[in-house]
């Protein structure tokens, strides 16, 4: 392995750069004459890119808008994302109770990350009564 890496120029090991938010917005826009409804997963992915972008400062407001569109179409990952922004107060008001509601919707749709998040909130007593037994149930469900 070392011999292979020594023989390969570093420039050939460069990865394709991550999709920048502006490019992602262009990619998500419907083509002329196409339906304005894009795949729900694409909206959730775009929201994640805007929220967790490493090449530019995160844009929580735009991410929230895209997550809301995807969540309205039933995307569990987007529901979990909205819960996250409410839990942490970035892109939406800080509100643990609202976060729990979004996490519950995502968990009902099978999102294990949301199940884990609910378990943490029960463990800490944030937005729900502190309940270690209920926390353990949610965390086991997420595993």
Just one of the numbered conditions (1) surrounded by fewer than 21 Cβ atoms within 10 Å (Cβ to Cβ); (2) at positive phi is not true of residue 91; which one? (1)
Can you tell me which residue within the range 43-88, out of those that are assigned to a loop (DSSP other than H, G, I, E, B) and at pLDDT 90 or above, is surrounded by the fewest Cβ atoms within 10 Å (Cβ to Cβ)? 74
Take residue 126 and decide whether it is surrounded by fewer than 16 Cβ atoms within 10 Å (Cβ to Cβ) and at negative phi. yes
Return the residue satisfying two criteria in turn: it lies in the range 89-117 and is more than 21 Å from residue 129 (Cβ to Cβ) and in a helix (DSSP H, G or I), and of such residues it is nearest to the chain's Cα centre (by Cα). 113
Could you give me the residue pairs with C-beta distances under 6 Å whose first residue belongs to the range 116-143 and is closer than 18 Å to residue 84 by Cβ, whose second residue is in a loop (DSSP other than H, G, I, E, B) wherever it lies, and which are 6+ apart or on separate chains? 121/127; 121/128; 122/128; 122/131
Looking only at residues in the range 129-143 that are over 23 Å from the mean Cα position of the chain (by Cα) and not in a helix (DSSP H, G or I), which one is surrounded by the most Cβ atoms within 10 Å (Cβ to Cβ)? 131
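The values are calculated or read from the model by the stated rules, or taken from the named source; none is laboratory data. Since the model is a prediction, treat every value here as computed from it, not as a measurement. Note that each Cβ is placed from the backbone with ideal geometry, even for glycine, and that neighbours are counted across all protein chains shown.
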